[in-house]
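Some notes on the structure that comes next.
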Amino acid sequence: MNRERVNKLLNQLPTHVIIIFTMAVWIIPTVGLLITSLRPPEAVGNTGWWTVFAPQNAGGPYATYCAECHGADGRALPQADLTNPELIAKYPRSLQLLAMLRKDINGQPHMGDNPLPSAQEAADIAAFLREGEVKGAGLTFNNYVDALVGYRGRSTYTADCAAGTQPPDIKCNLQDILNPRGMGRAFINSLLVTLPATFLPILFAAFAGYAFAWLDFKGRFLLFALLVGLQVVPLQMTLVPISRFYAQVGLNGTFLGVWLFHTGFGMPYAIYLMRNFLGTLPRDLFESAYLDGASHWTAFRQLVIPLAMPAIASLGIFQFLWVWNDLLVSLVFLGGTTPVMTYQISNMVTSLGSGWQVLTAAAFLSMLLPMIVFFSLQRYFVRGMLAGAVKG
Amino acid sequence: MATPQDISKTVTPAAVRKRPVKTSAPVPEIMKQGGLVPWLYLLPALIVMAFFIVYPMINTIGLSFSNKDGTASAATTCREGNPCWGVFENYRYALTAEFNTSSPQALWSSFWSSSYGNTIKWIVVMVFGTVSVGLGFAVLADRVKYEALAKAILFMPMAISFVGAGVIWKFVYDYGTQQTQVGLLNAIITSLGGKPVAWLSTIPINTYAIILVGIWIWSGFCMTILAAALKSVPDEILEAARVDGATEWTVFWRIMVPIILPTITVVVTTMVINVLKLFDLVYVMTGGNFQTDVIANRMYTEMYKNFNVGRGTAIAVVLVVAIIPFIYYNVRRFLEQEATR
């Protein structure tokens, strides 16, 4: 009995190893992104994100000699904030540090009754402070604030605003979230692009899907076969004429232009899905509705729309993720005038202006909403995917 | 006693046919009213599709025979002393400009560093990678208790944009010139005593490094579709084969794979189309530099960085020509499905 269980476990071991290894490969990069986005800037550039899991040696000598008064995060004494780079810059090496520790503060010895650190220990403390690891003790949301505001100052937005050293275009109030460089503004733009660009195709596809599934007209089959072919036409094939046309009529850089483009482009797949789903509805339902004297419009509003909710949900998630995550269309039609999140991030990556901490925070911000939508409605997403061809 | 092969032979034809979904039965007689009504329902969709897909496609083909800004024939861009294909000049550029024809060896090596060679690498490695990871994981995850969690994790990247995935992996591939490596991959290598690698600028590793990100994104998609297909394989057949002494390996290759082969084909074609269109990853991770360019990114570069309408559209047409076999396949599959309904 027991031996059987052990045997079974041993047989299954390779399976478990492979699966868990794959899971690790799949999840660890994202975990790294999340942790990095929460670390202080100084720490991000100096040590890998995985070091947050290492046992905190808290700088050894720092914990012994300084933490008692200055605190583990170096901020306990406001008049001697050890996270202030300017202050730290005055004591780059053990020599300057020890000289300062020997001086009196307000007539009292700096170290009180405690012994002075040795030269080696002082050097360690200086290095510890210099690399800003005293701040590495805790995780912070500062990067998210910087990313939301699109802040490019000497220190973080919070620190600069507290010290009053922010650039002139930063007001240090809620208005900053609308800074065109920031992810806050981009988030709003992304929403403004995505919601109508999700709603319109579903509406149009519901109309057309109803016609293809339950109405009789000449060329029904041929038209639908054509539609199936159109599903895989690459975006690139249509960009140039549309952007030339938009430039002529002034639709470049407008939301309307992007909504219409996404609607047109999402149509073949949306209609395909809708028609296949609506076709599975029971026929008697429609027959009895018509016998009762319902018009097409009534049947559509009161039968089709409520019954098609699962398909609408599938389609909604697909279209939402597609538009939200799209870079090419927003790059071409919106660009920097109304930046969406993907554009903003790709800009940060290619311009190399931002450090990893802001970039990772920005990337995570852009992933937040799709992740929530995705995991809460995964069932519908999978169903839509399995329903046939998939758009890419 | 039936061997697994026999089972798969007898089972395949019936199981291959997708279980027909009951749909679009003949329209009920009573609903055949008003010749115009259907068109009213179709109108909004037909208008946007005509304007945003059909018209631009035709226009793109026209523009591909024009010059830099679409004002004159492409033939006018020919320069004396240089090879010229007349009105097909943009196609000469699209198809030959990346190749060095001075010697067969040079042609061979320039082909594999061109956007065409890279696109082929993408198709082969990415399709093979996503399908094998997806299929393997679908089969294995079926046997463990944490199946749902495992599948959700593999599937998660589908929710992430290519741009977000690009950032995630750019960070994994980060190459520090100083002693400490903040990129995970180089940190692992240095801790094992190796030398750090500049993954995204070292030719030819960089193309494969980006393809790996593609595999990371799309494997979950393949897994989900293949897992659904595997669920439809009748348990009795698998049990019968196991009772007859077939190993799990044989069951997989001789029964499961043949039965779900049609689904695998669908997944492969979908993936090839996805790869051909793929632009964002290359754009974000290397911008097509260091010989990582692909057709879709080259089209963007010609059109929106070099502002050359003729060349950009010609590359787009080349791209669509590469996709035409799949359009044909898609339509044919649709017709077959309809016939079995």
Leading residue by the ranking (surrounded by the most Cβ atoms within 10 Å (Cβ to Cβ)) among those in region A:1-35 that are at the interface with chain B (Cβ under 9 Å from one of its Cβ atoms) and polar (S, T, N, Q): A:30
Any chance residue B:298 is among the charged types (D, E, K, R) and over 29 Å from residue B:201 (Cα atoms): no
For the structure I just gave you, tell me whether residue A:195 is assigned to a helix (DSSP H, G or I), loosely packed, with under 15 Cβ neighbours inside 10 Å and under 21 Å from the mean Cα position of the chain (by Cα). yes
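Identify all residues within region A:203-229 that are at the interface with chain B (Cβ under 7 Å from one of its Cβ atoms) and over 31 Å from the mean Cα position of the chain (by Cα); write none if there are none.
A:207, A:208, A:210, A:211, A:213, A:214, A:215, A:216, A:217, A:225, A:228, A:229
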Out of the residues in region B:271-309 that are among the aromatic types (Phe, Trp, Tyr) and over 22 Å from residue B:219 (Cβ atoms), which is farthest from the chain's Cα centre (by Cα)? B:307
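Residues checked against (1) more than 20 Å from residue B:295 (Cα to Cα); (2) away from every other protein chain (no Cβ under 13 Å); (3) surrounded by 19 or more Cβ atoms within 10 Å (Cβ to Cβ); (4) among the acidic types (Asp, Glu):
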residue	(1), (2), (3), (4)
B:103	yes, yes, no, no
B:132	yes, no, no, no
B:138	yes, no, yes, no
B:144	yes, no, no, no
B:189	yes, no, no, no
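Just one of B:265, B:301, B:286, B:292 is without any contact (Cβ under 8 Å) to a residue 24 or more places away in the chain and closer than 20 Å to residue B:111 by Cβ; which is it?
Step by step, each of B:265, B:301, B:286, B:292 is checked, and only B:301 is without any contact (Cβ under 8 Å) to a residue 24 or more places away in the chain and closer than 20 Å to residue B:111 by Cβ.
Only one of B:308, B:330 is crowded, with 17+ Cβ neighbours inside 10 Å and either at the interface with chain A (Cβ under 9 Å from one of its Cβ atoms) or at positive phi (or both); which?
B:330
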Restricting the search to region B:58-71, which residues are of a type in the set (A, V, I, L, M) and either surrounded by fewer than 19 Cβ atoms within 10 Å (Cβ to Cβ) or more than 9 Å from chain A (Cβ to nearest Cβ) (or both)? B:58, B:61
Can you name every residue in region A:81-122 that is of a type in the set (A, V, I, L, M), closer than 14 Å to residue A:62 by Cβ and within 39 Å of the chain's Cα centre (by Cα)? A:82, A:88
Residue A:294 meets each of (1) part of a loop (DSSP other than H, G, I, E, B); (2) more than 7 Å from every other protein chain (Cβ to nearest Cβ); (3) touching a helix residue (DSSP H, G or I) at 6+ places or on another chain (Cβ under 6 Å) with one exception, condition (3)
Looking only at region A:343-380, which residues are without any contact (Cβ under 8 Å) to a residue 40 or more places away in the chain, closer than 30 Å to residue B:224 by Cα and of a type in the set (Ser, Thr, Tyr)? A:346, A:376
Scan A:99, A:147 and give me the residue that is under 30 Å from residue A:318 (Cα atoms), outside the structural domain of residue A:367 (by TED's automatic domain parsing) and at pLDDT 80 or above. A:147
Let me spell it out: the conditions are (1) in a helix (DSSP H, G or I); (2) buried (at least 16 other Cβ atoms within 10 Å of the Cβ); (3) within 13 Å of chain A (Cβ to nearest Cβ), and residue B:288 meets all of them except one. Which number is the exception? (1)
Scan region B:168-218 for residues that are outside any loop (DSSP other than H, G, I, E, B), over 23 Å from the mean Cα position of the chain (by Cα) and among the small types (Gly, Ala, Ser) and jot them down. B:187, B:191
Within region A:124-133, take every residue that is more than 13 Å from residue A:44 (Cα to Cα) and in contact with a Gly (Cβ under 8 Å, 6 or more places away or on another chain) and give me the one that is modelled with the highest pLDDT. A:125
Return only the number of the condition from (1) more than 24 Å from residue A:36 (Cβ to Cβ); (2) within 13 Å of another protein chain (Cβ to nearest Cβ) that residue B:173 does not satisfy. (1)
Quick check on residue B:267: is it surrounded by 23 or more Cβ atoms within 10 Å (Cβ to Cβ) and either within 23 Å of residue B:214 (Cβ to Cβ) or more than 10 Å from every other protein chain (Cβ to nearest Cβ) (or both)? yes
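Within region A:335-392, considering only helices (runs of 4 or more DSSP H) that don't extend past its boundaries, which have at least 3 residues that are closer than 23 Å to residue A:141 by Cα and modelled with pLDDT of 90 or more?
It comes to A:341-351, A:356-376.
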Enumerate the helices (runs of 4 or more DSSP H) found wholly within region A:37-130, keeping only those where 1 or more residues are touching a His at 6+ places or on another chain (Cβ under 8 Å) and of a type in the set (Phe, Trp, Tyr). none
Residue under question is residue B:45, and the condition is that it be more than 26 Å from the chain's Cα centre (by Cα), in a helix (DSSP H, G or I), closer than 30 Å to residue A:199 by Cα and within 14 Å of another protein chain (Cβ to nearest Cβ); does it hold? yes
Regarding residue A:293, is this residue touching a residue at least 24 places away in the same chain (Cβ under 8 Å) and either in the same structural domain as residue A:264 (by TED's automatic domain parsing) or over 26 Å from residue A:234 (Cα atoms) (or both)? no
So which of B:125, B:133 is in a helix (DSSP H, G or I), in contact (Cβ under 8 Å) with a residue 60 or more places away in the chain and under 14 Å from the mean Cα position of the chain (by Cα)? B:125
Name the residues in region B:290-341 that are among the polar types (S, T, N, Q) and over 18 Å from residue B:63 (Cβ atoms), would you? B:291, B:292, B:297, B:330, B:337, B:340
Limited to region A:248-280, what total is found for residues that are surrounded by fewer than 18 Cβ atoms within 10 Å (Cβ to Cβ) and assigned to a loop (DSSP other than H, G, I, E, B)? 4
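The values are calculated or read from the model by the stated rules, or taken from the named source; none is laboratory data. Predicted model only: the values in this text are computed from it and were never measured. Note that we place each Cβ from the backbone using ideal geometry, even for glycine, and neighbour counts take in every protein chain shown.
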